[in-house]
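Q: My structure is below; once you've seen it, I'll send some questions.
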Amino acid sequence: MKKENVIVTMHKQPAEKRVGNFNEVALGYTEEQAIAEASRCLQCKKAFCVKGCPVEIDIPGFIKKIREKDFSGAILQIKEKNSLPAICGRVCPQENQCEKECILEKKNKGINIGGLERFVADWEMKEKDKQNKQNKKNPTTKTAVLPAVAIVGGGPAGLTCAADLVKLGYKVKMFEALHQAGGVLVYGIPEFRLPKAIVQTEVEYIQHLGVELENNQIIGKTYTLDDLFAQGYKAIFLGIGAGLPRFMNIPGENLNGVYSANEFLTRANLMKAYRFPEYATPIKRGKKVAVIGGGNVAMDSARVALRLGAENVYIVYRRSMEEMPARKEEIENAQEEGIEMQFLTVPVRILSKKEGWVSSMECLEVKLGEPDESGRRRPLPIENSEFELEVDEVIVAVGTKANPLFLSTVPDLKMNKWGYIVTDEKTGKTSKEKVWAGGDIVTGSATVIEAMGAGKHAAQSINEYLKSDV
Ligand code: FAD
Ligand code: SF4
């Protein structure tokens with residue numbers, strides 16, 4: 001086999017070791033490994049990988065720079081389009097995007113574009129030399145001369161919109177409800193998939209570009225949108241996510257020991273319960289845990305429960321492995337770690353034998369019928385197939401929805417039947433004058449890169465609007 005065709009696999013912490021810690025699972029590329037992987041790239045003239053990237057990074061361009069050992073050039077190239085590369089390199093579903101479109105995917109195995117993006121982003125963070133410091137003081141930074149724009153919500157949508165606008169010369173202030181910006185990146189995705197120090201560095205980079213950040217501000221409560229306009233903001237972007245947990249509405253869901261995945265993960269990640277006794281955040285450390293759902297949130301909850309000391313963790317999912325929406329890599333990681341998959345199973349009720357605490361969950365087996373409106377095969381109950389799963393903790397990860405807390409304060413904002421904000425698909429413009437929106441609050445739960453793409457498009461549209469307004 002030719003040298004350039006040798007796929008460079010990224011090393012991971014061994015499963016038996018990593019279940020005992022919260023350190024990152026995937027260990028990243030060394031310089032030599034990154035150059036070797038970059039050398040497989042064919043530098044296609046018509047690069048399909050770029051078409052697969054929602055923020056249109058010049059992928060062959062940055063890979064060529066890695067090959068030439070110009071890591072600083074590579075990171076600058078990425079940052080022209082993506083302000084959060086260390087995050088995207090870790091959590092974006094590249095297997096469904098750029099890597100899926102890579103020409104080599106059809107022949108052998110596509111380039112590990114996410115791994116290379118992560119490598120240069122991490123390289124930049126570690127690099128202490130003068131040249132790197134100049135890169136961090138990004139040459140695109142400008143002193144704000146253009147009107148003020150308010151960003152509501154510090155998740156990937158808000159961070160991206162803020163970064164793009166500040167680079168254009170706008171005065172940008174971001175309001176975040178929690179005590180830390182990052183959205184799901186800080187409260188949802190666990191440390192072993194996305195170290196919080198990395199999110200913090202990316203947030204600081206955006207502040208370094210000139211974005212002012214004010215935490216602990218619940219817009220709708222501390223200020224209304226009209227207050228913000230009265231304070232002089234000429235445009236507002238809403239990137240408030242869709243973090244209100246859904247439940248299954250089955251008997252027993254209010255028992256002690258039942259969590260929504262959001263609460264469980266927020267306690268573990270943002271509130272650092274896993275670092276007890278350094279942090280005294282209470283959390284139940286179940287011994288036999290059922291996690292209901294089949295997405296990334298379910299996978300993360302299961303793997304956190306395992307690391308908190310569970311002996312058995314079951315993913316209870318109503319379809320089969322094929323229909324699971326979680327990233328393939330994360331399903332594999334979960335299985336390697338010993339998470340047990342209980343496919344084609346729906347919970348019927350949660351039971352208690354002792355003082356209001358969970359003791360088991362009654363489930364029903366199902367089979368898959370014809371596809372439903374989501375395009376996935378509908379689960380159909382199998383008669384008399386009920387069985388009891390002995391568990392002392394249940395984590396419900398069946399999705400989230402829009403939080404009405406803020407939205408109820410803006411009656412003139414058009415919403416769809418699911419409570420998400422209606423926007424123009426291309427621009428993110430809402431029904432309310434001078435207000436844009438993007439990310440999960442528009443699409444429902446989606447991905448980091450889609451939220452970033454929405455933030456980018458809104459920034460372009462806000463710029464066009466304000467330019468013509470000046
Ligand atoms: P969010 O990230 O939800 O951020 C919204 C922010 O707005 C929050 O910080 C919130 O506190 C703030 N806010 C809300 N209301 C207000 C208000 N009134 N005033 C001020 N601030 C407010 N996607 C992937 O691509 N890959 C993955 O591996 C992946 N794993 C995931 C794992 C978990 C556990 C979860 C929950 C999601 C995962 N996702 C993943 C989905 C992804 O994280 C989201 O699609 C993305 O974060 C949405 O970005 P956003 O900016 O729209 O919203
Ligand atoms: Fe390189 Fe694949 Fe993109 Fe071609 S499609 S430029 S091989 S990453």
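Q: Just name one of V366, G439, S468: the one whose Cα is farthest towards the positive end of the charge dipole of region 334-470 (beta-carbon charges, Lys/Arg +1, Asp/Glu -1).
A: The listed residue farthest towards the positive side: S468.
Q: Moving on to the next point. If you count, for each residue, the other Cβ atoms within 10 Å and average over each peptide, how do 248-259, 156-167 line up from highest to lowest? Don't jump to the answer; show the numbers that get you there.
A: On the way: 248-259: 15.8, 156-167: 30.4.
The most tightly packed comes first, giving 156-167, 248-259.
Q: Can you order the peptides 115-126, 207-218, 416-427 by their average number of other Cβ atoms within 10 Å per residue, highest first?
A: 115-126, 207-218, 416-427
Q: Just to confirm, what accessible area per residue do you get for the chain at 1.4 Å probe, in whole Å²?
A: With all protein chains present, the chain gives 46 Å² per residue.
Q: Among the listed pairs K328/K353; K126/K221; K81/K467; K173/K196, which are separated by more than 29 Å between their Cα atoms?
A: K328/K353; K126/K221
Q: Relative contact order of region 41-128: what whole-number percent is it, with Cα pairs under 8 angstrom and at least 6 residues apart?
A: 33 percent
Q: K109 to A15: FRET efficiency via 1/(1 + (r/R0)^6), r the Cβ-Cβ distance, R0 35 Å, to the nearest 0.05?
A: 0.95
Q: Another question about this same structure. So for the chain, averaging the separation of alpha carbon pairs under 8 Å that are six or more residues apart and normalising by length, what relative contact order in percent results? Could the numbers behind the result be given before it?
A: On the way: 967 pairs, mean separation 70.5, N = 470.
Averaging sequence separation for qualifying contacts and normalising by length gives 15 percent for the chain.
Q: Right, another one. With a 1.4 Å probe and every protein chain left in place, tell me how much accessible area H11 has, in Å² to the nearest 10.
A: Looks like 110 Å² after rounding.
Q: Going through the cross-link list K79/K401; K69/K107; K167/K434; K17/K354, which pairs have a Cα-Cα distance over 24 Å in this structure?
A: K79/K401; K69/K107; K17/K354
Q: Turning to a different aspect of this structure: Quick check: residue separation of E214 and L244 times 0.36 nm, minus the Cα distance between them. What number comes out in nm? Before the final figure, lay out each step's value.
A: Working: separation 30, 0.36 × 30 = 10.80 nm, distance 2.23 nm.
Stretched out fully, the E214 to L244 stretch lengthens by 8.6 nm.
Q: Under 17 Å from a label point 7 Å along Cα→Cβ of K401: give me every residue in region 428-452 with its amide N that close.
A: Inside the label zone: 440-446.
The values are calculated or read from the model by the stated rules, or taken from the named source; none is laboratory data. Values in this document were obtained by computation on a predicted structure and should not be read as measured data. Because the Cβ atoms are built from the backbone with ideal geometry, glycine has one as well, and the counts that use them run over all protein chains shown. What goes into the accessible areas is simple: the full protein's heavy atoms, side chains included, and nothing from ligands, DNA or RNA. Shrake-Rupley method; radii C 1.70, N 1.55, O 1.52, S 1.80 Å.
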